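Would you mind keeping the following structure in view while I ask a few things?
The values are calculated or read from the model by the stated rules, or taken from the named source; none is laboratory data. Note that the structure is a prediction, hence the values are computed from the model and not measured. Cβ placement follows ideal geometry from the backbone for every residue including glycine, while neighbour counts extend to all protein chains displayed. In case anyone asks, the SASA skips ligands and DNA or RNA and just uses the protein heavy atoms, side chains included. Shrake-Rupley method; radii C 1.70, N 1.55, O 1.52, S 1.80 Å.
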Amino acid sequence: MQTLTIKVKDDLVSEVIKVLEQFKDNIQITKDRNLEFDPYFYERQKKLQQIRDDISRGEMLTHDFETSMDELIKELER
């Protein structure tokens, strides 16, 4: 099986579900709780992991880290 992400306008969700029901034996529909709470969850997670990796490799100076963390905190507060 493969995993796909489909963004559907709110007013079309029920129609899309109806269409997909004809394939119910071959597909699985789940909601990603992370995306319900934060539509940018995976982008933020990836960015944070990159910062952690940079720090682990010693590629970030303290000043750069503080600047990046300030930017990340501002972005998370949006």
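Which value in deg cm²/dmol, rounded to the nearest 500, describes the helix-derived mean residue ellipticity at 222 nm for the chain, given -39,500 (n - 2.57) per DSSP H run of n ≥ 4 and division by the residue count?
It lands at -18000 deg cm²/dmol.
Leaving ligands, DNA and RNA out of it, rank Ile29, Ile51 by accessible area with a 1.4 Å probe, largest first.
Heavy-atom accessible area, descending, gives Ile29, Ile51.
Please report, in whole Å, how far the alpha carbons of the chain spread along each principal axis, starting with the longest.
The principal-axis extents, from largest down, are 55, 28, 13 Å.
Additional query: Towards the positive end of the charge dipole of the chain, with charges on Cβ (+1 Lys, Arg; -1 Asp, Glu), say which of Ile27, Leu48, Val13 has the farthest Cα.
Ranked along the dipole, the leading option is Ile27.
Oh, and also: If the cut-off is 26 Å between C-alpha atoms, which lysines fall inside it for Lys47, apart from same-chain ones fewer than 8 positions away?
Here the lysines satisfying the reach criterion relative to Lys47 are Lys7, Lys31, Lys74.
While we're here: Sort Ser14, Ser56 by heavy-atom solvent-accessible area, probe 1.4 angstrom, most to least.
Correct descending sequence by accessible area is Ser56, Ser14.
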